[in-house]
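Below is one structure, written out as structure tokens, with a few remarks after it.
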Amino acid sequence: MTELMWEGKYDKEARKVAPLRVALPFQTVETVNESAQERQRSLDLFSTGRDAAWRNRLIWGDKKYVLPALAAELAGMVDLIYIDPPFATGDDFSFTARVPDADDGGDPEAAGIFTKQPSLIEQKAYRDTWGVSAEARARGATSTDAYVRWFYEGVVLLHELLSNRGSIYVHLDWRVVHHARMVLDEVFGPDRFMSEIVWKRTIGATSIADRYRTQTDSLLVYTKSDSYTFNEQFSKERLTPEEIDAKFPLVDAQRGRYCIDNLANPDFRPTLMYEYKGYKPPAKGWAISLEKMKQWDEEGRLHFPEDRSQRIRRKRFLSEWQGSPVQNLWDDIPPLQSRAGERTGYATQKPEALLERVVKASSNPGALILDCFCGSGTTPAVAERLERRWIAADLGRFAIHTTRKRLLGIDGVRPFCVQNLGKYERQLWQAAEFGEGAQARTVAYRRFILDVYKSKCIEGYAWLHGVKQGRMVHVGTVDAPVTVGDVKQIAAEFGKAVGTGADAPTTRALDVLGWDFAFELNELAKQTAERAGLDVRFLRIPREVLDKRAVEQGDVRFFELAALGVEVKRRGRTVTVRLSDFMIPTDDVPEEVQRAITDWSQWIDYWAVDWDNRGDTFHNEWQTYRTRKEPALRKSAVHEYDAAGSYQVVVKVIDILGNDTTKTLKVEVP
């Protein structure tokens with residue numbers, strides 16, 4: 001077999017380089033639409049060592065880590081995979097962010113719109129996919145080598161995940177489809193190639209002087225075995241009304257237009273040689289029994305010629321016609337229009353009709369479907385409506401938020417969970433970068449973060465680790481959130497350090513860097529700091545620090561946490577929470593858009609409430625969000641408790657850029 005070669009395919013000993021296989025555990029950070037009863041049932045099953053009921057899963061993470069984790073858990077259990085990986089275009093990770101009007105119910109189309117450029121972690125993925133190091137470039141490597149290696153590593157794991165009845169659809173354009181097919185041939189085997197579907201994705205024609213204009217994408221279809229699921233699909237879209245009238249030229253007074261079809265048997269059947277109502281049988285007999293002939297006659301499905309020397313024919317009604325069988329040229333599914341109801345703002349979004357055909361053709365209700373580049377969420381949305389189980393993953397935070405919102409817009413959506421690899425991914429990175437020794441690793445990790453933050457490392461303190469422009473700096477650990485207790489310890493050490501030496505604080509200002517922060521930290525911890533006379537800022541350590549090239553290129557930026565104001569009122573057992581204020585860092589928002597903001601609520605796209613949080617996962621029990629039909633945002637939520645008690649209420653807000661902010665409230669219900 002002809003073999004495709006690429007830089008890095010084999011190691012120095014001529015062994016094929018295998019993909020990363022570290023099976024990190026998933027962390028469930030949110031459950032959506034799960035009732036209190038379902039939540040308790042899951043807890044009971046878990047406590048007794050039994051598997052909890054299936055939950056569809058929305059995963060935020062890089063497929064480099066997500067797929068090995070899924071393979072360790074679900075190898076051979078996925079029935080259909082659809083992926084729409086990056087094509088090497090600049091819009092692979094960008095999306096249109098919309099700043100709504102102040103809540104006056106105005107037309108959301110008239111609101112401010114701007115293109116949100118890829119985040120740094122998404123740029124990292126782009127570099128991982130297409131980037132070539134200087135050393136590799138010196139060896140002759142190209143961006144295509146990098147892409148093919150990246151694609152191969154994913155396909156190997158996707159092959160393992162597929163069940164024996166499974167199929168994979170790989171959606172690509174002209175740039176890499178020829179390379180991808182050779183990779184798929186190598187992993188699946190050439191005999192497992194089922195079809196190349198050509199989808200006409202553009203309407204109309206524009207001229208390009210020196211070449212043919214490209215109007216199509218390709219979907220490469222491979223199967224795991226010979227026993228794959230396939231349900232033939234039909235389409236009526238390719239025929240015009242005139243063509244349909246020509247195809248069904250006759251009219252039945254009761255059942256409408258029809259055409260006639262042969263009832264002769266192609267093989268000689270002596271048992272079907274009978275006369276019916278004076279009409280002689282065909283030379284080899286009828287295609288149906290006398291009983292069936294009588295049934296169809298009663299149902300009006302037979303056409304009787306006036307000349308009895310001719311044969312009875314079957315009526316095929318337009319109302320029952322499924323359409324023409326779908327072939328591998330799909331020119332009957334138009335692309336999304338700019339004002340389509342399903343449009344989410346993703347430049348690469350595909351129409352639901354396309355995914356509906358894929359899902360119906362290659363899976364049955366209850367089957368498990370995977371999309372690890374879910375983007376705007378078309379695959380899980382279609383799978384949900386067609387009663388399939390699904391797993392959807394994406395690297396982009398906004399993609400996860402968009403998909404969550406889209407799923408919640410489906411009537412009767414089943415409960416699902418939102419997951420990531422969280423601290424486990426960071427622990428793996430810390431050990432790989434800074435060694436196995438706990439103390440030395442911690443010191444090296446802190447120095448690295450301080451260096452990326454462009455601050456000076458200091459020694460002699462337990463909680464104060466650096467200084468930047470007169471502000472002291474604390475670096476949070478990779479595996480635990482920064483808590484109010486941590487801030488108290490930092491403030492206490494800060495007070496003792498004043499005036500003690502060269503590295504002592506010179507201003508009463510502090511920056512706290514962390515990967516995660518406790519729910520209530522931003523408000524309560526600032527109160528603690530204010531009582532100590534400290535000006536404190538909380539900044540999130542971005543995942544971009546995990547990428548050496550991002551660090552080397554200076555692409556890492558730290559952003560402050562947003563501030564959320566929430567009021568709570570209680571009357572009997574009825575509790576009302578109301579958003580009162582919201583402020584976010586505006587570094588990613590153009591100045592002209594910032595000037596268009598007249599009310600703090602315009603920053604909010606979605607918010608949700610967990611009415612009885614128990615210190616574990618955020619359980620989304622109520623939510624509201626902006627839609628085209630309802631652009632105004634509800635600012636209050638009401639809940640009635642069944643029993644008296646002390647409850648912890650957690651409010652989560654998602655801003656227009658897809659970032660989340662939470663606030664915790666204590667409620668006493670009599």
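The share of accessible area on the chain that comes from carbon and sulfur is 48 percent, using a 1.4 angstrom probe. The alpha carbons of the chain give a radius of gyration and a Dmax of 30.8, 116 Å, in that order.
Can you pick out the pairs among LYS488/LYS569; LYS294/LYS360; LYS200/LYS315; LYS63/LYS224; LYS247/LYS360 whose Cα atoms lie more than 24 Å from each other?
Values: LYS488/LYS569 29 Å; LYS294/LYS360 35 Å; LYS200/LYS315 34 Å; LYS63/LYS224 20 Å; LYS247/LYS360 26 Å.
With Cα atoms farther than 24 Å apart: LYS488/LYS569; LYS294/LYS360; LYS200/LYS315; LYS247/LYS360.
So what is the relative contact order for the chain, in percent, with contacts set as C-alpha pairs under 8 Å and at least six apart?
On the way: 1225 pairs, mean separation 106.0, N = 670.
Result for the chain is 16 percent.
Note on ARG531 and ARG139: with the Förster distance fixed at 51 Å, the Cβ-Cβ geometry gives a FRET efficiency of about 0.30. Among the chymotrypsin sites (Phe, Trp or Tyr not before Pro) within segment 267-313, those in coil by DSSP and having at most 16 neighbouring Cβ atoms inside 10 Å are PHE268, TYR274. A 1.4 Å probe run over the chain, with the rest of the protein chains in place, finds 48 Å² accessible per residue. Phi-derived couplings, Karplus 6.51 cos²θ - 1.76 cosθ + 1.60 at θ = phi - 60°, listed residue by residue for segment 167-179: 9, 10, 10, 10, 9, 9, 10, 5, 5, 10, 4, 5, 5 Hz, with x used for Gly and Pro.
Kirkwood's formula applied to the C-alpha pairs of segment 321-368 gives a hydrodynamic radius of 12.8 angstrom. If you take all other residues with their beta carbon under 14 Å from the beta carbon of VAL575, and give Lys and Arg +1 and Asp and Glu -1, the sum is -1. For segment 300-402, the convex hull spanned by the alpha carbon atoms encloses 172 Å³ per residue. In straight-distance terms, cross-link reach from LYS64 covers every one of the lysines whose alpha-carbon lies under 17 Å from its own, apart from those fewer than eight places away in the same chain; here that gives LYS9, LYS124, LYS423, LYS548. Peptides 398-404, 424-430, ordered by how many other C-beta atoms sit within 10 Å of their residues on average, highest first, read 398-404, 424-430.
The 1.4 Å probe gives accessible areas that order GLU7, GLU552, largest first, as GLU552, GLU7. Counting only DSSP beta bridges whose two residues both lie in the chain, roughly 70 percent are antiparallel.
The values are calculated or read from the model by the stated rules, or taken from the named source; none is laboratory data. Quantities reported herein were computed from a predicted structural model and do not represent experimental measurements. For neighbour counting, all protein chains shown are included, and Cβ atoms are generated from backbone atoms with ideal geometry for every residue, glycine included. The accessibility values were calculated without ligands, DNA or RNA, using every heavy atom of the protein model including side chains. Shrake-Rupley method; radii C 1.70, N 1.55, O 1.52, S 1.80 Å.
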